[in-house]
Each structure stands twice: as C-alpha cells, then as structure tokens.
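Working notes for the structure below.
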Amino acid sequence: MQTAGGVSARLPIHSDLDLVWVRQHVRQAAAQLGFGLVAQTKLVTAASELARNTLVHGGGGEMECAPVSRAGVPGLRLTFSDEGPGIPDLDRALSDGYTSGDGLGMGLGGARRLVHEFRIDSSPGTGTTVTVTSWSAKPPLPREEA
Amino acid sequence: MTAPFPAPYGGHVPVLRLGGVLLVTFQGDLHDSQAEQLQQDVSEAAADNRVSGVVLDLSGVELVDSFLGRVIGDIAAKTRLLAAETVVCGMRPAVAITLVELGLTLPGLRTALSTEDAMRLLGQGSVSPRPGRTRQESP
C-alpha cells in the first residue's frame, strides 16, 4: 500500500471524513515533492472536487496517489476510481454549469483546469476512472490540450 | 488503516457577536456536513441577534473548493434576506487564484483584506474607512 516517502497511498472514499483525508494526503504529498503553495492548492482543490464526485456520483470508491517523474521533474499522479453508474455524456459532464447533483456544476471542468494532465474513462455500467497529473515545476512537455 | 500522515484535524467554526456584527472564523478543513450545518447556524444567529452584518474570516482556510464556495455564497444570500450584509475577509492569495481558475468568482460578494477592514466596511470600526483597502467585486 504505502512505499517510502509516504507519497504513494491508496485511500478509500466513502464518507465526508475520507474527503478530508484525501485533501490532507495530497497536500502533504505535493509539499514533499516540492510543489509551491499555489501549485499545492490547485492540486488539492482538484483532488477535492474529484473525490467528491467519486463519493456523490460514483457511490464511493478510492484514490490512488503515486509519485511520477518526467525529465527529472517530480510530479504527482492521482487516480480516482469508482464502480458507480458511469457518465453517459462525457462532453456534457465536463462543461461548466452542468450538474447532475446539487452542486454548481464546476467539479469536473474546474478540476481539469487546475491540473496539468487530465484523463477520464467512463461508460454507463462500468464506473468512472479519472486520472490527473501535475508537475512540481513548469510542465516539461507542452500542456495536454483537452 | 495505518496513517501515512498525522490524522486530519476537524474543522472548527466559532460564531461570535461583536456589536451589531457576527464574526465567523473558519479554521482548518471543514467536512461537507459541518459546512452545511454552519449555513444554518449563521442564518439563525443572524436573525436571533438582529445583526446588520456578518464577517466570514477565511484567513485560516487553506482550500475553498466548489462546495465550500457554494456554502459561502449561500450564507451571503441567506443573510441578505435576513437584513444583514456579508463580507468575506482574509482569503489567502493561493485560494483566490485557485477559485478563479476553478471558475468560481463569487460575483457580488463583498470582500476585505482583514477582519478589521471588514468591520470598518460594515460601519463597526472606530476608524474611518481607508480607501483602497477594501474592495467589492463587480457582479
């Protein structure tokens, strides 16, 4: 489960309290990898949005946190997965203002703007997996355009 | 499970009355349910104490996501209906940068840099307002 450094972890997402755990783990892991304060705050906020989606829309799941490295620049990869109903229309779910719950509809689209790389795999019936990666310094490769 | 990091500390939100103003000081990381409870507590306290203003001090908050952002906006809307003006103060720069990139600009919310400025903005300070220290976001 956990490896040296305490960055790698697999955290369950089944309650409000788990969201707090996720935020604090990501905050400390990012700080350990040398993320600046603004970069930490962006990544933690994205993690909070995605973890809440996993909890509210996916019926719970987990987050996997792993350190990554590219061209010598450390980064953090977060994978949120659930086995919920899935998202039938990804384009619509990613657009601002679209909400299937009682939120503001900023969750997915907002989270995508806060990270360097964003990938979502979902189809009805199989659940949803969202993978995001941010780097502690300027991205070594051009930003992935969505 | 074994904790890789220190256990999360629970958020804590005291609501104090200072003259005609309620001072709400956010501290730490709030659970969603605590944030929802807070909305109700502030609305009730605003009506019970017949205050004219509510100051939300966010200086102890490291993260405002869309949920907490909505709670803050809702508190401002609810207190307005109860004849009290809400001013948000002390937001950290990293939080402000992140909120805007997230797409949440909280239009119409009155803001101040410090609690003192917020109190002054609500007419509760002893010193006359200094221009340039308070700001109001245009809708």
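The values are calculated or read from the model by the stated rules, or taken from the named source; none is laboratory data. Keep in mind it's a predicted model, so treat the numbers as computed, not measured. Note that we place each Cβ from the backbone using ideal geometry, even for glycine, and neighbour counts take in every protein chain shown.
Taking into account only those residues within the stretch A:12-37 that are within 8 Å of chain B (Cβ to nearest Cβ) and of a type in the set (A, V, I, L, M, F, W, C), which is surrounded by the most Cβ atoms within 10 Å (Cβ to Cβ)?
Out of the qualifying residues, it is A:Leu19.
Return yes when B:Val51 is part of a helix (DSSP H, G or I), modelled with pLDDT of 90 or more and more than 10 Å from chain A (Cβ to nearest Cβ) and no when it is not. Step through it out loud before you land on a result.
Working: part of a helix (DSSP H, G or I): no; modelled with pLDDT of 90 or more: yes; more than 10 Å from chain A (Cβ to nearest Cβ): yes.
Here the answer is no, as B:Val51 does not meet what is asked.
This table checks each residue for (1) part of a loop (DSSP other than H, G, I, E, B); (2) touching a Gly at 6+ places or on another chain (Cβ under 9 Å); (3) within 14 Å of another protein chain (Cβ to nearest Cβ).
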position	(1), (2), (3)
A:Ala39	no, no, yes
A:Leu43	no, no, yes
A:Gly59	yes, yes, no
A:Met63	no, no, yes
A:Pro88	yes, no, no
A:Asp91	no, no, no
A:Ser122	no, yes, no
A:Thr128	no, yes, no
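How many residues, within the stretch A:35-61, are touching a Pro at 6+ places or on another chain (Cβ under 8 Å) and closer than 21 Å to A:His116 by Cβ?
Adding up the residues that qualify gives 1.
On the basis of being buried (at least 17 other Cβ atoms within 10 Å of the Cβ) and either within 18 Å of A:Ile120 (Cβ to Cβ) or at pLDDT below 95 (or both), does A:Ala93 make the cut?
Values: buried (at least 17 other Cβ atoms within 10 Å of the Cβ): yes; either within 18 Å of A:Ile120 (Cβ to Cβ) or at pLDDT below 95 (or both): yes.
When the stated conditions are applied, A:Ala93 passes them.
Look through the stretch B:75-91, keep the residues that are touching a residue at least 12 places away in the same chain (Cβ under 8 Å) and farther than 16 Å from B:Val24 by Cα, and return whichever of them is farthest from the other protein chains (Cβ to nearest Cβ).
In the first step, residues of the stretch B:75-91 are kept if they are touching a residue at least 12 places away in the same chain (Cβ under 8 Å); the result is B:75-76, B:78-79, B:82-91.
Now drop any that are not farther than 16 Å from B:Val24 by Cα, which leaves B:82-83.
Details: B:Leu82: 22, B:Ala83: 26 Å.
Among residues in the stretch B:75-91 that are touching a residue at least 12 places away in the same chain (Cβ under 8 Å) and farther than 16 Å from B:Val24 by Cα, the one farthest from the other protein chains (Cβ to nearest Cβ) is B:Ala83.
Kindly provide the set of residues from the stretch B:73-110 that are touching a Lys or Arg at 6+ places or on another chain (Cβ under 6 Å) and surrounded by fewer than 21 Cβ atoms within 10 Å (Cβ to Cβ), ordered by number.
Matches in the stretch B:73-110: B:Glu101 only.
Quick one: would you say B:Leu99 is away from every other protein chain (no Cβ under 14 Å) and more than 13 Å from the chain's Cα centre (by Cα)? Before you say what the answer is, go through the steps one by one.
Details: away from every other protein chain (no Cβ under 14 Å): no; more than 13 Å from the chain's Cα centre (by Cα): yes.
So B:Leu99 fails the test.
Among the residues of the stretch B:23-35, is there at least one that is within 13 Å of another protein chain (Cβ to nearest Cβ), under 12 Å from the mean Cα position of the chain (by Cα) and of a type in the set (A, V, I, L, M)? Please lay out each step first, then the result.
Start the filter on the stretch B:23-35 by keeping residues that are within 13 Å of another protein chain (Cβ to nearest Cβ), which leaves B:28-35.
Those still in the list that are under 12 Å from the mean Cα position of the chain (by Cα) too: B:35.
Narrowing the set further to residues that are of a type in the set (A, V, I, L, M) leaves B:35.
Yes.
Among (1) within 14 Å of the chain's Cα centre (by Cα); (2) of a type outside the set (Lys, Arg); (3) at pLDDT below 90; (4) more than 23 Å from A:Leu43 (Cα to Cα), which single condition is B:Leu106 missing?
Every condition holds for B:Leu106 apart from (4).
Only one of these conditions is not met by A:Val115: (1) touching a His at 6+ places or on another chain (Cβ under 9 Å); (2) within 14 Å of chain B (Cβ to nearest Cβ); (3) modelled with pLDDT of 90 or more. Which number is it?
(1)
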